[in-house]
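What follows is one structure encoded as structure tokens, with my remarks underneath.
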Amino acid sequence: MERHDLAQVGLPMTLDTLPKGAHAIISQVVARMKDDPIAMRLGELGFIPGAPVEIVATGPVGHDPIAVRLGSTCFALRRGEASRITLEHDL
């Protein structure tokens, strides 16, 4: 399902659906279990509500990993990790 299709059906947009070059604001990092280590680590790295993000690049095979700019730092995230980050809207 494309990013715009998610918004049309009322599903939250997630970082893994954002196209290369797109900007957005983080809404939340979703923990999939109690004390989710991946969600906690993303928060420690600065993926917090209100932070602006940009998709810089995607990997060649299966588009994994994706390069995400957060502030002045770039992170390589797997799509599974990026799918935990919901977005408010484009900048």
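Miscellaneous remarks
- The lone criterion from (1) open to solvent by 40 Å² or more (accessible area, probe 1.4 Å); (2) in contact with a helix residue (DSSP H, G or I) (Cβ under 7 Å, 6 or more places away or on another chain); (3) under 18 Å from HIS23 (Cα atoms); (4) of a type outside the set (A, V, I, L, M, F, W, C) left unmet by GLY71 is number (2).
- Scanning the stretch 47-68 for residues that are open to solvent by 20 Å² or more (accessible area, probe 1.4 Å), within 16 Å of THR86 (Cα to Cα) and either in contact with a strand residue (DSSP E or B) (Cβ under 6 Å, 6 or more places away or on another chain) or not aliphatic (A, V, I, L, M) (or both) turns up PRO49, GLY50, PRO52, GLU54.
- Among the residues of the stretch 43-91, those identified as small (Gly, Ala, Ser) and part of a strand (DSSP E or B) are ALA57, ALA67, ALA76.
- Sole exception among (1) open to solvent by 70 Å² or more (accessible area, probe 1.4 Å); (2) of a type outside the set (S, T, N, Q); (3) without any contact (Cβ under 8 Å) to a residue 40 or more places away in the chain for ARG32, by number: (3)
- Qualifying residues in the stretch 35-46 (those that are on the phi < 0 side of the Ramachandran plot and under 14 Å from the mean Cα position of the chain (by Cα)) - the one surrounded by the fewest Cβ atoms within 10 Å (Cβ to Cβ): ARG41
- Residue in the stretch 16-23 that is open to solvent by less than 50 Å² (accessible area, probe 1.4 Å), among the β-branched types (Val, Ile, Thr), at pLDDT below 95 and not in a strand (DSSP E or B) present: yes
- Within the stretch 78-91, being within 16 Å of HIS23 (Cβ to Cβ) and either hydroxyl-bearing (Ser, Thr, Tyr) or open to solvent by less than 40 Å² (accessible area, probe 1.4 Å) (or both) holds for ALA82, ILE85, THR86, LEU87.
- Criterion violated by LEU6 - all others in (1) of a type outside the set (Gly, Ala, Ser); (2) within 21 Å of THR73 (Cα to Cα); (3) at pLDDT below 90 satisfied: (2)
- Unmet criterion (only one of (1) at pLDDT below 95; (2) outside any helix (DSSP H, G or I)) for SER27: (1)
The values are calculated or read from the model by the stated rules, or taken from the named source; none is laboratory data. Everything numeric here is computed off the predicted structure, so don't read it as measured data. Here Cβ is always computed from backbone atoms with ideal geometry, including for glycine, and neighbour counts include all displayed protein chains. The protein model used for the area step is the full one, side chains on, heavy atoms only, and it has no ligands, DNA or RNA in it. Shrake-Rupley method; radii C 1.70, N 1.55, O 1.52, S 1.80 Å.
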